[in-house]
Each structure stands twice: as C-alpha cells, then as structure tokens.
Amino acid sequence: MKDSTSELDGTQGSGIDDGTDLGTDRRGFLSTAAKIGGGAALLSFGGTGLAAAADGEGSDDDPSDVEILNYALTLEHLEHAFYRDALQTFDEEDFEGVYSPGAMIFNSPRPRYGTYQRFERIRDDEKAHVDVISQTVEKLGGTPVQEAEYDFPYDDVNGFVGLARTFENLGVAAYAGAAPMIDNKDLLSAALSIHSVEARHAGYLNLHEYRLPYPDAFDPAKTMEEVLAAAGQFIVSDE
Ligand SMILES: [Fe+2]
Ligand SMILES: [Fe+2]
C-alpha cells in the first residue's frame, strides 16, 4: 500500500466543494431499507402529499414525502445509470491494470484485484435504491420519476472514478438536506439507512482520489435546489 497518510487530503469535507462536485447526500435514503425489510415498512404508512408526487420539485418550504422520494429517485437513477454504463464500457484490466484506479491506490494484490467487483457492488446498491424508492412512491400513490438521459463527462476509467466520488458525496449531502423534511418516521428510518450506504460509497471513492474517507466530524447538507442544480449538469433530458 502506498504511503497513504501523507496523501490523504482532508481539506474537503466530503469533497463537495470542488467545482464539479455534486453532493452525494440523498443517495443514502432508502437503500438499506430493502435489506432490513424497510421496504415493507415504507409501504405501510398512509400517503402524505400524494398529489404532488410526480412533479419533481415540491414547494421549497414543505415538500411532501412523495416529492422527497422522487427527488431521491432522480439522483438514484443518475447514479445507477452512471455505474451500469461505465461497467459495460470498462473491464477489469481498465480498473486494475497499470495506472488504473486500483493500481494507483492499492499495491497489494488483494485490494487491487477486486476493484472492478467493488464498483459492481456500488452499481447493485444504486439499482436497489432505485427499485425500493420507486416501489414506495407507487405505494404512496405517486408516480415514480423515470431514468433520464445523461451525459457523463469522463474519457477514461480514472475520469469515471473521479466523477463517481463527486456523485457519491453529492448524494450524502442531498440525503442530509432532505431527511429533516420527511414526515413519516418509518420513511425517515429507511432514508437514513440509505444515507449511510451513500456515505460508505463516498468514503471508498474518497480513498481512490487520495482524500480522507472521513473528511470531517460533520458532513455538510445541501438543499434540493443545490443538488438538482449540480445533478442537472449531467441530465440531457428527463425521461
Ligand atoms: Fe444510491
Ligand atoms: Fe451511492
């Protein structure tokens, strides 16, 4: 392993200060829910604010739970499509060969030759987030937002990994910003279980970028407007 300590950059909290940073907060909302049976819990509570569900952006002051879910789903779709497409573009050699993301961080074979599979796991997590949030929106009587068309500006696998770090940290900030507005406690618990998964993704990717995986004692939150503005740079068209 490299002399990692001196390379860790702890100056950027979650790394969301970069020009291209998107904030990763909201990805964490629902992912864990599926694994702990939270998906069912999410679906069991009565709908609140159902009418506004499909509109994407709710009122600034009091978005409904369904609006918040669709907000989270917008980011989860982006994340899932991002990993799905890149893993079809790059192979294990791209991730683990000379000058690859895996080789740049991990000199020992075990962590290096597992890099591609770790990204597959992140992709699968994002798919699970998309699925459970979509199901919950439907149970609440809303219309889940669909995957959009995206333009992800990376030219090689290292560029992809750098952008991944940006997305994950954006998701962390997004979930942190939206969670306090959730009315239903079951839904909040599920959202927090996803939030922590997004933070784990962000920590792993921070390491790939020579940044401290846990950059600060307190992670910053981002508003819906900030997150959607950041994510919108990569959305070519809705649905
Ligand atoms: Fe996610
Ligand atoms: Fe994630």
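The values are calculated or read from the model by the stated rules, or taken from the named source; none is laboratory data. This is a predicted model, so every value here is computed, not measured. Heads up, the Cβs are rebuilt from the backbone with ideal geometry, glycines too, and the neighbour counts pull from every protein chain shown. The accessibility values were calculated without ligands, DNA or RNA, using every heavy atom of the protein model including side chains. Shrake-Rupley method; radii C 1.70, N 1.55, O 1.52, S 1.80 Å.
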Q. How do 140-153, 70-83, 202-215 rank on mean C-beta neighbours within 10 Å, highest first?
A. 70-83, 202-215, 140-153
Q.
Tell me the Kirkwood radius of segment 60-208: reciprocal of the mean inverse pair distance over distinct alpha-carbon atoms, in Å.
A. 16.1 Å
Q | Relative contact order of segment 160-239, defined on C-alpha pairs under 8 angstrom at six or more residues apart (%) | A | 40 percent
Q | Sequence ranges 193-201, 110-118, ranked by mean other-Cβ count within 10 angstrom, highest first | A | 193-201, 110-118
Q) Counting only protein heavy atoms and using a 1.4 Å probe, what share of the accessible area of segment 117-239 belongs to carbon plus sulfur, as a whole percent? A) 49 percent
